Every structure is written in structure tokens, then in C-alpha cells.
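First comes the structure, then the notes that go with it.
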Amino acid sequence: LFSSEISNEKLSERFNNQKDRLNTVKNDIGSLSSAQKGTFPIIRGMTQIQINKIENLAEKQTVLKHKAELQQDKISRLEAKAEKLENSAKMLSALFSGKNMPAPIRAFAERMNSRAEKIRNVKLPKSQINLKFTLDKMEKIDGKIERAKCKADKLQSISAIAKSFTVLDGAERRKMFTKGLDSLHSATQRSLQFKIEKCDSQIAKLSEKYLT
């Protein structure tokens, strides 16, 4: 038997978050592509590499999203089937309440309860675990997308800073420079956070390996 404490509500929440995130990524690709106009050729080429990477990862996310939808649908069907079997068995028990239930009817009710129990204890947890693995993959790819987007944002920020020196109007030049600098600082902070999270993950894995 499979042992699972996975919550369907939690899985649904994670899946909905991934669907929303995928829509955001598609918008991000459009924004990054639009921001390419007017950038220096070398930076445009380097940024395009990151945009292509994001697009490829987004395609993988779309495939996994479809897989997760099928897995979630299977979980719903299994739950409905188990509930139907349990309700049918209860109905038979209620019909013969206070009376001796005929052996064939009792055997039929027991088979329905047994099938429902197998669904809840074996098939349903197995399907939940499969969905969890798919969502884990999506979240891992999501991290790769974020890192690629961070690199693209850094490049476009550097381009904006460099372009600010070509602006003749002083006020406009300072405004463009400050905006580019703020954007670069934000991207750098995100990049630093990714590195911290990676270190924390490696420390946790090493601790688990040597302390167990």
C-alpha cells in the first residue's frame, strides 16, 4: 500500500500557481522582446540567448501543465468513484437495517467497500504522488526561467545605463541613468537571492546525508 499525506487542496493550489506563473512568463517574454529595441547589438544578442532559453523552458512548462491537468482529472475521477462505491454500500446496509442481510448482498456490499478502500489507499495516493512529481518538475523549471530572466534584466539594465550617456538633455539623462541603475540593483539582488537559496539547499542535502 502507498502511504500519502498529500493534500488535494495543496496540490490544486500549487497547480493553479503554476498556471498563473506560466501566463506571467509568456507576458515576460513579450516584454523582454519589446525592450530589445534600441539596445546595443552585442547586448541584444546576449539578451536574445536568455529570451530563447526562457521560450524553450516555457514550452516544457506547457507540456508539463497538460500532463498535470490529466493527472488532476484522474484524481477527481478516482475520488468520485470511491465515493460512489461507498455510498452504494451504505445504501444497501440501510435497506437491510435491522434485518438479516442476504449473503450475496452482503458480499456485494463488502466488495464495493473493498474497491473503495483500494482506491483511497493505493490508487489515489499513487496518482497524487505522480501529480506532485510533475509539479516539482514545473517548479524546478520555473527557477531556471527566473534565473534566465534575471540575466536578461541585468543586460537590459546595463544597456539602459550605457544609453543614458548618449542623451543630451541633462534631466532626461539622469532619469534614464537612475532607472537603469535601479533596475540593475534589483536584478543583482534577485541573482544574489538565487545563490543564497542554492547554498541553503546544498547545506540541507549535506546535513540530511551526514546526520541520518
note = Excluding residues fewer than 8 positions from K163 in its own chain, the lysines with Cα under 23 Å of it are K37, K149, K151, K154, K175, K179
task = Jot down the radius of gyration and Dmax of region 113-172, Cα atoms only, both in angstrom.
result = 25.3, 81
query = When ligands, DNA and RNA are left out and all protein chains stay put, how many square angstrom of accessible area per residue does region 43-83 have with a 1.4 Å probe?
reply = 59
request  = Determine ³J(HN,Hα), in whole Hz, for all residues of region 7-16 in sequence, where each value follows from phi through the Karplus function 6.51 cos²θ - 1.76 cosθ + 1.60 and θ = phi - 60°; x replaces Gly and Pro.
outcome  = 8, 4, 5, 5, 5, 5, 5, 5, 5, 5
ask   = Across every pair of different alpha-carbon atoms, what Kirkwood hydrodynamic radius in Å does the chain reach?
value = 21.7
query = Mind listing the phi-derived Karplus ³J(HN,Hα) values for region 159-175, rounded to whole Hz, using 6.51, -1.76 and 1.60 with θ = phi - 60°, and x for any glycine or proline?
reply = 4, 5, 5, 5, 5, 4, 6, 8, 7, 6, 5, x, 5, 5, 4, 5, 4
key: Candidates E117, E139, E55, ranked by Gaussian network fluctuation over the chain, Cα under 10 Å, top entry   = E117
query = Per residue, how much accessible area does region 146-188 have with a 1.4 Å probe, in Å²?
reply = 60
task = Just list whichever of K60/K198; K19/K209; K26/K126; K67/K198; K26/K67 have alpha carbons separated by over 29 Å in the model shown.
result = K19/K209; K26/K126
note = Computed, not fitted: 222 nm per-residue ellipticity of the chain from DSSP H runs ≥ 4 (each -39500 (n - 2.57)), nearest 500, equal to -31500 deg cm²/dmol
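The values are calculated or read from the model by the stated rules, or taken from the named source; none is laboratory data. Here the structure is a predicted model, which means the values were calculated and not measured. Side chains included, ligands, DNA and RNA excluded: accessible areas come from the protein's heavy atoms. Shrake-Rupley method; radii C 1.70, N 1.55, O 1.52, S 1.80 Å.
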